Amino acid sequence: MLLQKLSDPDVFGSFNELQKIQNQLTRLLTAASKRSTGDFPPANVWTNETGAIVRCEMPGIDISEMEITVVNDTLTIKGEKCQIESETQNSQNIQQAQNCLRQERGWGRFTRSLQLPFAVDAEQVKANYADGILQLTLPRAEADKPRRITVSEA
């Protein structure tokens with residue numbers, strides 16, 4: 001009986017279908033785990049003795065929806081990435097006809113906090129947004145800057 005089932009050509013067809021389902025589940029779970037890491041927007045951070053520069057990739061973000069806060073040594077960026085209406089219309093039309101093969105561009109609310117190695121002078125922070133890149137200049141707080149101590153002879 002087992003030998004008869006194994007020799008049935010449909011066994012391999014069923015196996016291929018199971019393999020396709022497994023691949024789709026793997027892709028779905030991988031995409032979900034990437035979105036849940038909280039690593040949006042991706043950021044590069046440079047520091048020196050006087051402060052830090054942070055650059056974040058944030059294409060398609062409305063700057064009126066951005067909220068940037070600095071508390072001591074923690075920078076927080078909040079906002080919302082909206083789905084482009086033409087994408088919504090296209091995906092609705094496509095979904096009526098077939099399944100979505102790949103969806104890598106996410107949307108929705110996000111919060112990203114970065115801890116810096118020093119306190120920031122929040123009054124002097126500068127933010128610029130151009131071509132989908134947010135650049136923040138974060139000067140180090142005066143009280144947190146290293147001070148050279150002179151030694152006098154006794």
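Where a number appears in this text, it was derived from the coordinates with a stated rule and is not lab data. Predicted model only: the values in this text are computed from it and were never measured. Ideal geometry is used to build each Cβ from the backbone, glycine not excepted, and the neighbour counts take in all protein chains shown.
Below are the figures for this structure:
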| quantity | calculated |
| --- | --- |
| Fully extended contour minus Cα-Cα distance, from A122 to R55, at 0.36 nm per residue | 22.4 nm |
| Förster radius 35 Å - calculated FRET efficiency between T150 and T47 (Cβ-Cβ, nearest 0.05) | 0.85 |
| Cleavage-rule hits (GluC sites (Glu not before Pro)) in segment 97-154: DSSP loop, at most 10 neighbouring Cβ within 10 angstrom | E104, E153 |
| Interchain or long-range residues, amide H under 5 Å from R140's placed H | G51, A52, D121 |
